[in-house]
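Asks: Below is the structure I would like to discuss, written out as structure tokens.
The values are calculated or read from the model by the stated rules, or taken from the named source; none is laboratory data. What you are looking at is a predicted structure, and each value in this text was computed from that prediction instead of being measured. Heads up, the Cβs are rebuilt from the backbone with ideal geometry, glycines too, and the neighbour counts pull from every protein chain shown.
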Amino acid sequence: MKKLASLLSLFLIASACQKNNSTEKDLIKKANWLIGNWENKTNLGTLSEKWEKVNDSTFKGQSLFIKDKDSIHNETILLQQKGDILSYTTTIKGQNNDKPIRFELLTDNENELVFKNLLNDYPKKISYKKATNNSLITEISGTQFGKPSIEKYTLVKIK
């Protein structure tokens, strides 16, 4: 009887571990549509984002704004899932002493990811919304210079 109870306990533990492992990857799977190269060209310059899958729990992003061959904005992003938490960590060259800033997932569905960090000056919220298979809308918002501010960009998939 003790052997049966021990085997049953081991089976339950193994099942719980397998369930946790599959749950761990479910949130980041919802962001698979981010993978690729995205771009927005305007007369002010070109905003581009490149997203690649590093492994089953991490995506890496690079965001650049280039004006007349000069990089005005250079940002690296890690989208990582640990346990049941999906985080968006950004490091912007020349800002925050080049230290990363972490945002946690606020809402998610098949077509939108919203991250927040209420302790950050600006932005406090970052969102990515899949508009079509070939376009997405990014939005950053918060308080800038004492006033509410929202920046919205539509990017088109180029690869």
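Asks: Within segment 118-135, is there a residue that is buried (at least 16 other Cβ atoms within 10 Å of the Cβ), under 23 Å from residue 28 (Cα atoms) and touching a residue at least 60 places away in the same chain (Cβ under 8 Å)?
Replies: Within segment 118-135, one or more residues are buried (at least 16 other Cβ atoms within 10 Å of the Cβ), under 23 Å from residue 28 (Cα atoms) and touching a residue at least 60 places away in the same chain (Cβ under 8 Å).
Asks: While we're on this one: Based on this model, can you work out whether residue 138 counts as modelled with pLDDT under 95 and either surrounded by fewer than 15 Cβ atoms within 10 Å (Cβ to Cβ) or part of a strand (DSSP E or B) (or both)?
Replies: no
Asks: Which of the residues spanning segment 63-79 are in contact with a Ser or Thr (Cβ under 6 Å, 6 or more places away or on another chain) and of a type outside the set (Asp, Glu)?
Replies: The answer is 64, 66, 76, 77, 78.
Asks: Also, I was wondering about something else. Looking at segment 84-96, is at least one residue closer than 21 Å to residue 132 by Cβ and under 14 Å from the mean Cα position of the chain (by Cα)? If you could, list the steps in order and put the result at the bottom.
Replies: Restricting attention to segment 84-96, the residues satisfying the condition of being closer than 21 Å to residue 132 by Cβ are none.
The answer is no, given that none of the residues of segment 84-96 is closer than 21 Å to residue 132 by Cβ and under 14 Å from the mean Cα position of the chain (by Cα).
Asks: How do the pairs read when you match residues in segment 89-108 that are of a type in the set (Lys, Arg) with residues anywhere that are in a loop (DSSP other than H, G, I, E, B), using Cβ under 7 Å and keeping only pairs 6 or more apart or on different chains?
Replies: 102/117
Asks: Yes or no: residue 58 touching a residue at least 12 places away in the same chain (Cβ under 8 Å) and either polar (S, T, N, Q) or surrounded by fewer than 17 Cβ atoms within 10 Å (Cβ to Cβ) (or both)?
Replies: yes
Asks: Counting only residues that are in a strand (DSSP E or B) and charged (D, E, K, R), which one in segment 108-123 is farthest from residue 35 (Cα to Cα)? It would help to see each step written out before you state the result.
Replies: In the first step, residues of segment 108-123 are kept if they are in a strand (DSSP E or B); the result is 108-109, 112-116.
Next, from what is left, pick out any that are charged (D, E, K, R): 108, 112, 116.
Details: 108: 16, 112: 14, 116: 21 Å.
Here the residue is 116.
Asks: Take segment 30-80 and flag every residue that is in a loop (DSSP other than H, G, I, E, B), more than 19 Å from residue 126 (Cβ to Cβ) and of a type in the set (A, V, I, L, M).
Replies: Within segment 30-80, 44 is the sole residue that qualifies.
Asks: Could you say whether any residue in segment 3-20 is of a type in the set (Val, Ile, Thr) and either modelled with pLDDT of 95 or more or within 11 Å of the chain's Cα centre (by Cα) (or both)? I'd like the intermediate steps shown before the answer.
Replies: Taking segment 3-20 as the starting set, the residues that turn out to be of a type in the set (Val, Ile, Thr) are 13.
Going one step further and asking which of them are either modelled with pLDDT of 95 or more or within 11 Å of the chain's Cα centre (by Cα) (or both), we end up with none.
Taking every residue of segment 3-20 in turn, none turns out to be of a type in the set (Val, Ile, Thr) and either modelled with pLDDT of 95 or more or within 11 Å of the chain's Cα centre (by Cα) (or both).
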